[in-house]
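Working notes for the structure below.
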Amino acid sequence: MSDVTGPREGQQDIDASKAPLMDHLIELRQRLIYSVVAFFLMFLVCFAFAKHIYNILLQPFVGVVGVENAKTIYTHLLEKFFVDIKVAMFGAAFLAFPVVAVQIYKFVAPGLYKNERAAFRPYLVATPLLFMLGAAIVYFIAMPLLVRFSVGFEQTGVPGQAEISLLPKVDEYLSLIMTLILGFGFCFQLPVVLTLLARAGVVTSDGLVNARRYAVLGIFTAAAILTPPDAISMIIMGLPTWALYEASIIAVRHVEKRVPKPD
């Protein structure tokens, strides 16, 4: 019996893009070179403005304690220099991400069908937007609350007791805010991951609903690990991530309606 289904849409494009393994490795090397060059150029730019970037990251601290009381310290000679390098690498990773994402897409796109390429593009937009949303929650909500909580333990100097003031180290403050931004940013990728798994047939909306209690437990466990050891930071990360899990269920149901079921 002859095959009446015919080739899938975009099959000719895939057949035309077939190449020996060595050609694929050469292309992969080229894509990696473009990505590394983009990161290095952004690193140079960010290192030149590292002082200004760090001052921007300090704003949650300054906004709580006030400019007149905002003071940070470093305790060894090269600490501030290494902090500037970390700031530059952190900023370069953000600024170079669009170039890296485009290079990844260009490498995998020839092996995808036309409808698969169209389905893949929205995730290139959703991924950085969700990451930036998580970073914004850290910058405008989580860090100010955490600083306010920490300032509450200060002790004024009165007769009979010593003065205790909050003087964050520049390296420790940077490590804290970077950890929170990365933690929130990756947790906010939950809808992207789950909808991709739904397209691959790995998860279903009913399965996500049935696993909700375990997912919530895992979310707050991850929040406790990724955030400082206080309940406020854990709740600030856990609640939005839980909301994203519920939104992911709706998104997966939408994907299930659009993906045709096999005969």
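The values are calculated or read from the model by the stated rules, or taken from the named source; none is laboratory data. Given the structure is predicted, the values throughout are model-derived calculations rather than measurements. Note: ideal-geometry Cβ built from the backbone for every residue, glycine included; neighbour counts use all protein chains shown.
Suppose the filter is assigned to a helix (DSSP H, G or I) and modelled with pLDDT under 85; does K261 pass it? Let's see the steps before the verdict.
Details: assigned to a helix (DSSP H, G or I): no; modelled with pLDDT under 85: yes.
Answer is no for this residue.
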Tell me, please, whether a residue that is among the β-branched types (V, I, T), in contact (Cβ under 8 Å) with a residue 12 or more places away in the chain and surrounded by fewer than 20 Cβ atoms within 10 Å (Cβ to Cβ) can be found in the range 218-230.
no
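Quick check, is Y173 among the hydroxyl-bearing types (S, T, Y), closer than 30 Å to E68 by Cβ and out of contact with any strand residue (DSSP E or B) (no Cβ under 9 Å at 6 or more places or on another chain)?
Numbers: among the hydroxyl-bearing types (S, T, Y): yes; closer than 30 Å to E68 by Cβ: yes; out of contact with any strand residue (DSSP E or B) (no Cβ under 9 Å at 6 or more places or on another chain): yes.
Yes: the conditions hold for Y173.
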Elements of type helices (runs of 4 or more DSSP H) in the range 26-139, at least 1 residues being under 30 Å from A200 (Cβ atoms) and not polar (S, T, N, Q):
79-108, 114-137
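Yes/no per residue for (1) β-branched (V, I, T); (2) more than 20 Å from the chain's Cα centre (by Cα):
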position	(1), (2)
M42	no, no
F47	no, yes
I56	yes, no
V62	yes, yes
N69	no, yes
I73	yes, yes
L78	no, yes
A92	no, no
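So is F149 of a type in the set (F, W, Y) and either over 25 Å from V255 (Cα atoms) or touching a Cys at 6+ places or on another chain (Cβ under 9 Å) (or both) or not? Lay out the reasoning, then the answer.
Values: of a type in the set (F, W, Y): yes; either over 25 Å from V255 (Cα atoms) or touching a Cys at 6+ places or on another chain (Cβ under 9 Å) (or both): yes.
Yes, satisfied.
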